[in-house]
Amino acid sequence: MEGEVHVLLADDATLQRLNKKFHGKDKATDVLSFPASVTTVFFGDPEGPGLAGDLAISLETAARQAARFGHSLRDEVRVLLLHGVLHLAGFDHEADQGEMSAREAELRRELGLSTSLIARVSPPARKRVRR
């Protein structure tokens, strides 16, 4: 992925409005990604090449998640930024076969970040019991 990423740090109400408008989901969320190829949500059309897309992060949700997972708001925003940037790069954990999760885990280790966003929302793998 190449280009600038515009980041909006906002509240739950703003993320809820964006989620409803662009995804048809009337609820707040932690991070939304808007690839430049689809739309440029925050700043309109770029004046030149080099825009990868826009991200929106709810600082309210990020603060709750940081407290829940026992790390700083700064680290939570970094987890959300990583997740959003991977979406801008074309990854889609809802449709792929684990590629985004694997790439997120790899980059998370390199950046020294804790639990990935995908790992938090995915059901835990069931242990096989031998009989």
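Each reported figure results from applying straightforward, stated rules to the coordinates on display, with no laboratory input. Bear in mind that the values here come from a model prediction, so they are computed numbers and not experimental data. A quick note on method: Cβ atoms are made from the backbone with ideal geometry, for glycine too, and the neighbour counts reach across all protein chains shown.
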Per the rule of 0.36 nm per residue minus the C-alpha distance, extending LYS27 to PHE69 adds in nm 13.0 nm
Modelled label-to-label distance, ARG109 and GLN97, 7 Å Cα→beta-carbon offset: nm? 2.1
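Excluding PHE91 itself, calculate the net charge of residues whose Cβ lies under 11 Å from the Cβ of PHE91, where each Lys or Arg counts +1 and each Asp or Glu counts -1.
Every neighbour counted, the sum reads -4.
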Karplus ³J(HN,Hα) for the stretch 7-24 (6.51 cos²θ - 1.76 cosθ + 1.60, θ = phi - 60°; Hz, whole; x = Gly/Pro) runs 10, 9, 9, 9, 9, 4, 4, 5, 5, 5, 4, 5, 5, 5, 5, 9, 10, x
All other residues with a Cβ under 10 Å from the Cβ of ALA52 taken together, and with Lys, Arg as +1 and Asp, Glu as -1, what is their net charge? -3
